[in-house]
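Written out below as C-alpha cells is the structure these notes cover.
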Amino acid sequence: MFTGRITEVGTVTDAEQGLVVEAPKTAGSLSVGGSVNVGGACLSAVDVGESCFRVQVSPETVNRSTLAGLRPGDRVNLECPLRIGDPLDGHVVLGHVDAVGKVTLVREEAGGARRAWIRPPRRFLYDIVAKGFFALEGVSVTVAETVRDRFSVALIPITLRETTLGNLRAGDRVNLEADLFVKSARELHAAARLVAGRAMTALPWAGALRGPAGVQKAAAELAAGGAVVRALRAHAQRGRPVHEAVLAVLRAPSAAVARGRGCRRPDLVQPRPRQRIGQRDRARRRTTGRCRPRPSPGSGRGIPERLIRRIGEHAAVTEAQAWRGKLDG
C-alpha cells in the first residue's frame, strides 16, 4: 500500500532482464522481496545493491502498463510501501494499474502550473470523479474536470519539479489507477442493483403500474394475500405502516378506476370542489329555483370508500400475520 507521494525519481540503467533502477535513497530502504512502486506499478525487488535495485516484471504487468516501453536513461517515479505510523499525505494507492491513458494536450497556466488532458479507456471513466483522487504514473493527483471521453489534471510546480510529470508531452502513454473508495462504491452499487433485480424478477409480477389498470392489479394482488412493493415505496420511506400506505395510494388522484367515461379524480374519495355558477345557471335558478352545476371535465366514478377500507383492513391483517410469523419463527 502506498500514498502516491513520490519519495525519489530513479533512472533506468538496464531493461533486459527485469528493470534495474538507479536510486540510492530507495535502495537503502529496500530488501530482497520487498515491494516498491515503480511508475505506478507495484513490483518486487529481486536484487538490491547500495545505490540500485532490480525488479522483475511479469507478463501481466507488461500487458497492462507502460513499463515495457522503458529504456535505459528513462526516469521513473519511486515510492516505498507505507508503514504503520506513516502519515497518509496523498490517498490510498495499491500500485495496481487499472488502465493506460494517452496524453492529448499539455497547456501552461498561470503561476508555472500546467493542465494535462488525458483520454483513458471508456471503462476507466466510470471510476473518475471530478475533484476526486487517482494515481498518474504513481503520483497522487486530483481530477480537475471531466468531459465526454477525457479528463484533466492541474499540476502545480512542485509536482512538476519532484516527479516525472514535468516531462509529459502530448501523445505520451501513462499508467492510471482509480481511487480505491470510488471503485469499491461502484462495485457495491452494481451488486445492490443485481440483488434488487433478482428479487424483483422473483415476484409474480413486477414493474411500475399506474392508472386504473395499476390500481386494479394492486387491489387484486392484495386481495390474494400478496404484496405491492413498487407502489408503496415512497410511503414506506416515510415510515408509514402498510395498511396506511395502501389507503394513501388508493386515495391518490392517479388511483381512480374509471367507469364509463375517463376518470382523473376519484370523486367518491376526495370531496368535489365547489362548482362555479355561470350566467345561465343564475337564470335557471331565477326561473326554476334549481341550478344544475356543470360537470367537471373527465368526471366519473372512483373507487368506493368502503372498498378502500376493506383493502386497507386486509393489508393491515396481512401485515400483522407477517409480523406474528416472524416473531414465532
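Going through (1) surrounded by 17 or more Cβ atoms within 10 Å (Cβ to Cβ); (2) of a type in the set (Val, Ile, Thr); (3) under 18 Å from the mean Cα position of the chain (by Cα) one by one, THR146 falls short only on (1).
What do you reckon, is ALA41 in contact (Cβ under 8 Å) with a residue 60 or more places away in the chain, in the same structural domain as THR163 (by TED's automatic domain parsing) and crowded, with 21+ Cβ neighbours inside 10 Å? Taking the combined requirement at face value, the residue satisfies it.
For first residues located in region 54-80 and in the same structural domain as GLY166 (by TED's automatic domain parsing) and without any contact (Cβ under 8 Å) to a residue 60 or more places away in the chain, partners that are among the charged types (D, E, K, R) and assigned to a loop (DSSP other than H, G, I, E, B) and lie 6+ apart or on another chain with Cβ distances below 9 Å form the pairs ARG64/ASP98. Give the residue that is surrounded by the most Cβ atoms within 10 Å (Cβ to Cβ), with candidates limited to residues of region 79-100 that are assigned to a strand (DSSP E or B) and of a type in the set (A, V, I, L, M, F, W, C). Filtering region 79-100 for residues that are assigned to a strand (DSSP E or B) and of a type in the set (A, V, I, L, M, F, W, C), the one surrounded by the most Cβ atoms within 10 Å (Cβ to Cβ) comes out as VAL93. Can you confirm whether VAL57 is more than 17 Å from ILE6 (Cβ to Cβ), modelled with pLDDT of 90 or more, within 36 Å of the chain's Cα centre (by Cα) and surrounded by 13 or more Cβ atoms within 10 Å (Cβ to Cβ)? Against the criterion (more than 17 Å from ILE6 (Cβ to Cβ), modelled with pLDDT of 90 or more, within 36 Å of the chain's Cα centre (by Cα) and surrounded by 13 or more Cβ atoms within 10 Å (Cβ to Cβ)), VAL57 qualifies. The set of residues from region 106-127 being in a loop (DSSP other than H, G, I, E, B) and surrounded by fewer than 19 Cβ atoms within 10 Å (Cβ to Cβ) comprises GLU109, ALA113, PRO121, TYR126. When we screen VAL103, VAL76, VAL62 for residues that are under 18 Å from PHE2 (Cα atoms) and outside any loop (DSSP other than H, G, I, E, B), the only hit is VAL76.
The values are calculated or read from the model by the stated rules, or taken from the named source; none is laboratory data. All values reported here derive from a predicted model rather than from experimental measurement. Reconstructed Cβ throughout: ideal geometry from the backbone, glycine too, with neighbour counts over all protein chains shown.
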